[in-house]
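Report on one structure; see the data block that follows.
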Amino acid sequence: MATGCLSFIPLLVLSAAVSAVEVQRPRGVPLSKKHFYVEGKPFTCLDGSRTIPFDRVNDDYCDCQDGSDEPGTPACPNGSFHCTNAGHRPVFIPSSRINDGVCDCCDATDEYNSGASCPNTCRDLGRKEKESLQKLAEIAKEGFLLKQQLIQEAKRGLEEKKAKVLELEASKKQLEEKVESLRTVKETAEEPEKEAKERHLKAWEEEKAAVRAEKDKARMAEAFLELDDDGDGFVTVPELQAHSELDTDSDGTFTEAEAQALLGGVDQADAAAFEAVWKDVKDKYISEAQAPAETPPEETREPLFDNDSEHYSEGEIPEEDDDDDDDQEEEDEEEEDDDDPDEADYIRPPAIQEKKDDEDEGTMPPYNEETQNLIDAAQKAREQFDEAERALRELDDQMKNLEKETTSDFGSNAEFAYLYSQCYDLTTSEYIYRLCPFNRVSQKPKHGGSETSLGTWGHWDGPEGNVYGVMKYENGMGCWQGPNRSTTVKLKCGKETVVTSTTEPSRCEYLMEFTTPALCPDPSTLDPMHQHTEL
């Protein structure tokens, strides 16, 4: 029994010591600042502005500009009160909340003189937070294990990509040599092909020219016979004047002098001399077979009324027959709408006639066997060159992608490398949001519509010490009368890689939350969870 009493004495002593320590610390002062508040000694304001007697600390009158002399009263508007909150986390609250009837500290120390009934909920809150933190710690632990796997995979992947780059560099050199070799083969094959095609085209043009010359000669002979009205073997000035379309100045009068000038200054031309005349008139000459029927002279036309018709006195206007006019208008419209005039009534202009003659010459004949063989050989060389050049471009693109993957900032240990070339969707009631890390962010209406860019990869944008906690995507599609869309992606530790939410806190500025094991910290480096020793 005596032993039990003796063993209890140290506990009483310790209890008394604790109470003493508690008394020596003024209300509202954190343990870390207790040494500034020594009872019986003058107190110096924490900003150094002045020194006051200790009994003026917490006397409900503000003496210090920084409010440090009133940590436990609401006297100083800029002061702060420390809630010890034993069993939970300590916090600071503004001095204005002291004794305001509202419990801000879970240990109720802020309402010591307000009469408010504040139960101490610190232990219950601490227990709940501890459970929550333990769950988060378990997730972080599992996520960190996954992160370690991601780092190992990224390390292997980086080594493989670097080896692949070296392999592609060697292949590129060989392919470049092949492309240049095939270029030479192609150019060598295209030269005789070009010459053979030119020869073929020249022969075809000469053949067409000969055909045109024969047709022109036949047309000239026909024109000479038509112009030689008396059949004496000469085309004379009067005979030429009969074709008014040959008027050289198109003034409506084809004079004798103009006709004589066309005949070379003489009065007549035989068939041989007419060849020189034909060169000047063939573009205007209209064959008599194509000439339109002449309109009867005004005086020979039928009168509007026969002799038995009713006569009207001078100045008298007959009434119009509306029905007859309507019938006439319909006939005129039918004539205007006639899209298929009689070929006999249509005079083909000489220029159109020549174009038609060119079309009648047919298509160019096929190449001969020798030329076709040259074309086939050149085409084969072109195809081989194009295929090799295309393979070289594809290899260049592959090397650029590999270079980007091996040089991009995927985290301090490349833990985010697995996100590259991946996309993650989040579907809401209205939209489907897509995040493709290190590439782009987009939005698409859920029920159909075009995709809208919310930004392309910009940079890591997290704070110092956690730069990999935020991604920034910029220069998306422009808003109507607003800026280009942009997206901030906040990363969180998680066992899964998933977009958890998307909001638009500001116009055209989007915020995404994205969980990934790549952000999970090493649990062994974390501080113990809120182990408070304050009294």
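Numbers below:
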{"item": "Amide proton proximity set for Gly28, modelled H, under 5 Å, gap of 5+", "result": "His82"}
{"item": "When each of Lys33/Lys135; Lys173/Lys194; Lys135/Lys490; Lys444/Lys490; Lys130/Lys492 is checked by Cα-Cα distance, pairs over 26 Å", "result": "Lys33/Lys135; Lys173/Lys194"}
{"item": "Mean Cβ neighbour count within 10 Å, used as a protection proxy, ranking 184-193, 156-165 highest first", "result": "184-193, 156-165"}
{"item": "Lysines whose Cα lies under 24 Å from that of Lys197, excluding same-chain neighbours fewer than 8 positions away", "result": "Lys186, Lys208, Lys380"}
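Each reported figure results from applying straightforward, stated rules to the coordinates on display, with no laboratory input. What you see is a predicted model; the values in this text were computed from it and never measured. Please note: Cβ atoms are built from the backbone with ideal geometry, for glycine as well, and neighbour counts cover all protein chains shown.
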